[in-house]
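J.: Could you have a look at this structure, given as structure tokens, before my questions?
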Amino acid sequence: MSEHDLKDGKMDKIITRNEEEINKLTHKIIGCAMQVHSTLGNGFQEVIYQRALAIEFTFQGLNFAREMEMDLYYRNQHIGTRRVDFFVEDKVMVEIKAIEKLEDVHKAQAINYCEAYNIADGLLINFGSKSLDFRRVYNKNLVHPKIK
């Protein structure tokens, strides 16, 4: 991240969250995923979509880290690492799948990553179905989405 401190294995953001900015960014990320899915279709392994999405992010001028390894802690004890598929513009975690159907467990996993890394916003994107499927996820400790 451009402005953060590591504390207890979590990112403490100095940058304040701008909801309009996050909405525009997630919209742009989803647009990139739609372009990849419309070009490649479904049926490839996750790594193929990950590579194509990295190319599309670059083409669209998005800054990102791919397979960023992050430490996991429990009670201030290091318990392992996890690689986030993408961390876009130092603001949004993107977890991708290439499976037939997203299940609740996949959404829970993406939410857990947001919470474990103290990231406010995330996207879970599935390239495996005939139509692109995506879910926006939040760290409930940092974000309280408005219900309309």
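The values are calculated or read from the model by the stated rules, or taken from the named source; none is laboratory data. Treat the numbers as computed from the prediction; the structure is a model and nothing was measured. Reconstructed Cβ throughout: ideal geometry from the backbone, glycine too, with neighbour counts over all protein chains shown.
J.: Could you check how many residues of region 105-117 are of a type outside the set (A, V, I, L, M) and buried (at least 19 other Cβ atoms within 10 Å of the Cβ)?
T.: Of the residues in region 105-117, 3 are of a type outside the set (A, V, I, L, M) and buried (at least 19 other Cβ atoms within 10 Å of the Cβ).
J.: Then there is this: Considering only region 119-135, I want to know if a residue exists there that is free of Cβ contacts under 8 Å to residues at least 40 places away in the same chain and over 20 Å from CYS32 (Cβ atoms).
T.: no
J.: Please go through (1) under 17 Å from GLU20 (Cα atoms); (2) surrounded by 18 or more Cβ atoms within 10 Å (Cβ to Cβ) for ASP90 and return the number of the only condition it doesn't satisfy.
T.: Status for ASP90: all satisfied but (2).
J.: Anything in region 106-127 that is touching a helix residue (DSSP H, G or I) at 6+ places or on another chain (Cβ under 9 Å) and either at pLDDT below 95 or farther than 14 Å from ASP85 by Cβ (or both)? List them, or say none.
T.: Hits for region 106-127 are ILE119, ALA120, ASP121.
J.: In the set LYS101, LYS130, LYS97, LYS140, which member is of a type in the set (Lys, Arg) and within 20 Å of ILE22 (Cβ to Cβ)?
T.: LYS140
J.: Something else: State all residues of region 41-64 that are of a type in the set (A, V, I, L, M, F, W, C) and surrounded by 14 or more Cβ atoms within 10 Å (Cβ to Cβ); if no residue qualifies, say none.
T.: PHE44, ILE48, ALA52, LEU53, ALA54, PHE57, LEU62, PHE64
J.: Is it true that some residue in region 120-129 is aromatic (Phe, Trp, Tyr), surrounded by 21 or more Cβ atoms within 10 Å (Cβ to Cβ) and closer than 17 Å to LEU25 by Cα?
T.: no
J.: Being out of contact with any Gly (no Cβ under 7 Å at 6 or more places or on another chain) and under 14 Å from TYR117 (Cβ atoms): is that true of THR81 here?
T.: yes
J.: Further question on the same structure: Being at pLDDT below 90 and aliphatic (A, V, I, L, M), is that true of even one residue in region 94-105?
T.: no
J.: I would also like to ask the following. Look at GLU46 and say whether it is modelled with pLDDT under 95, out of contact with any helix residue (DSSP H, G or I) (no Cβ under 8 Å at 6 or more places or on another chain) and not polar (S, T, N, Q).
T.: When the stated conditions are applied, GLU46 does not pass them.
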